[in-house]
1. On the given criteria, is Asp43 at pLDDT 95 or above, among the acidic types (Asp, Glu), outside any loop (DSSP other than H, G, I, E, B) and crowded, with 16+ Cβ neighbours inside 10 Å?
2. Within the bounds of the range 30-39, is there any residue that is at positive phi and at pLDDT 95 or above?
3. Output the qualifying pairs, or none if there are none: Cβ atoms under 9 angstrom, residues six or more apart or on different chains, first residue in the range 7-31 and over 12 Å from Ala189 (Cα atoms) and basic (Lys, Arg), second residue at pLDDT 95 or above and part of a loop (DSSP other than H, G, I, E, B).
4. Looking at the range 107-131 only, could you name the residues that are among the small types (Gly, Ala, Ser), within 12 Å of the ligand (Cβ to nearest atom) and touching a helix residue (DSSP H, G or I) at 6+ places or on another chain (Cβ under 7 Å)?
5. Would the range 183-191 turn up any residue that is within 14 Å of Val85 (Cβ to Cβ) and either of a type in the set (S, T, N, Q) or buried (at least 18 other Cβ atoms within 10 Å of the Cβ) (or both)?
6. Name the residue that is surrounded by the fewest Cβ atoms within 10 Å (Cβ to Cβ), counting only residues in the range 193-207 that are assigned to a strand (DSSP E or B) and either within 14 Å of the chain's Cα centre (by Cα) or within 8 Å of the ligand (Cβ to nearest atom) (or both).
7. For the range 133-141, indicate whether the set of residues that are within 21 Å of Arg17 (Cβ to Cβ) and outside any strand (DSSP E or B) is non-empty.
8. For the range 164-192, which positions are part of a loop (DSSP other than H, G, I, E, B) and under 17 Å from the mean Cα position of the chain (by Cα)?
Amino acid sequence: MQWVNPDFTFIQSDHERYQREGYAFLGKILTPAGLESARERLDRMIRDLHPSLKPDEIYSAHQQESWLLAIAACKPLLDVIEYDVGPNIVLWSTHLICKPPKTGRPIPWHQDRTYWNTTKLGGSVWLAFDDVDENNGTMFVLPGWHRRTDLTRRATGDEFFDEEIDPAMLPADVDRLQVPYYLKAGEAAVHDTMIPHRSTPNRSDRWRRVLVCRYMSAEGDMGTKEYPDYRTGQMFPRRYLLVRGQDVLNRRLERMVAD
Ligand SMILES: O=C(O)CCC(=O)C(=O)O
């Protein structure tokens, strides 16, 4: 299967814009055939989902579905990430966030890196399998705010996402400054792990299915974590997959070089 658009390019000036703004739209990543096949496979995964899980809780699915690994480790995405972390790239996490029609949950403003036991991180790729806008639960980012390390948090009282950036820390005109991800199915964007971001509930009668791929340098800290298997609910450990370059610290990383 040719998953990925062969005409994709990302050059130094794109990377500089990403560094400045904290995010960048990448355009079309999947081929039409790749998108169609991905959507069928997602339908199947959602049908097979264990009753203890919700479709926005499918973590590290690339460890369970090789087609997701093929996409997450594809050359164009690794070319984007190489600008960020250098030539030795580890794929350490993916998250399928599928918000069902009418019931998809919102996610409040937060910064990712503050929650993770990993370091030397590259940007997170956000790949849409459906057309997305604010009606079906797209993501919003706050351009330029990825440099802020002083944003304090407060409890939300919500079980799914129990913290958010204290609204008093956000700019008064956040509604004007925030940028929505209006993507067509098959398109992607990349965001810095410190950019404040949030997403809306899915109020529409359409699905919102997105894969978030997370990368790091092979020299970063690699903490442990477990995730539930989407079919069985059984926990399995996170694996750190070397998807490009060398295992420079000789950690016996599993090599999954796709290009
Ligand atoms: O896609 C979303 O709804 C939000 C994604 C997000 O918060 C994340 O990947 O950290």
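The values are calculated or read from the model by the stated rules, or taken from the named source; none is laboratory data. Note that the structure is a prediction, hence the values are computed from the model and not measured. Neighbour counts are summed over all protein chains in view; Cβ atoms, including those assigned to glycine, are modelled from backbone coordinates with ideal geometry.
1. Judged against the criteria, Asp43 is not a match.
2. No: zero hits.
3. Arg20/Pro143; Arg20/Gly144
4. Residue satisfying the conditions is Gly123 alone.
5. Yes: the range 183-191 contains one or more residues that are within 14 Å of Val85 (Cβ to Cβ) and either of a type in the set (S, T, N, Q) or buried (at least 18 other Cβ atoms within 10 Å of the Cβ) (or both).
6. Ranking the candidates gives Arg198 first.
7. yes
8. The answer is Tyr181, Tyr182, Lys184, Ala185, Gly186, Asp192.
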